[in-house]
Amino acid sequence: HVTGAVSNISFNLPARRIANQAFAVLAMSAGMDSFILDPLNKDMMGMLFATEAMMGEDEYCMEYIGAFRAGIFVK
């Protein structure tokens, strides 16, 4: 397993949340499977669930749909 703190990549950058989301997507595509992040950041959580779905790691997008219905992220 590979774990890292997402916000370390964006220290002192403007619009840190956007940089953090971009890093998370790139890291997931390179094999990172665990993050230290703010679980209340609904934009980030949505991006993570969507990335897993688009990478084919969420069969029938059931985790994505379930997370949306549970309010973990919003549109």
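Computed from the coordinates by the stated procedures, all read-outs in this text should not be read as laboratory data. Predicted model, so just to flag it, every value in this text is computed and none were measured. Glycine gets a Cβ as well: all are built from the backbone with ideal geometry, and neighbour counts include every protein chain shown.
The helix-based estimate of mean residue ellipticity at 222 nm for the chain, built from -39,500 (n - 2.57) per DSSP H run of four or more residues and divided by its residue count, is -14500 deg cm²/dmol to the nearest 500. Taking the inverse of the mean reciprocal distance over all distinct Cα pairs, the Kirkwood hydrodynamic radius of the chain comes to 12.7 Å.
The angle between the Cα long axis of helix 42-54 and the main principal axis of the chain comes to about 60°, on a 0 to 90 degree scale.
Here the chain is assigned +1 on the Cβ of each Lys and Arg and -1 on the Cβ of each Asp and Glu. Its dipole about the Cα centre then comes out at about 400 debye. Projecting the Cα positions of 35, 4, 14 onto the charge dipole of the chain (unit charges on Cβ atoms of Lys, Arg, Asp and Glu, taken about the Cα centre) puts 14 furthest along the positive direction. For the chain, which GluC sites (Glu not before Pro) are both in a DSSP coil and crowded by at most 15 other Cβ atoms within 10 Å? When the GluC sites (Glu not before Pro) of the chain are filtered for loop state and at most 15 Cβ neighbours within 10 Å, 57 remain.
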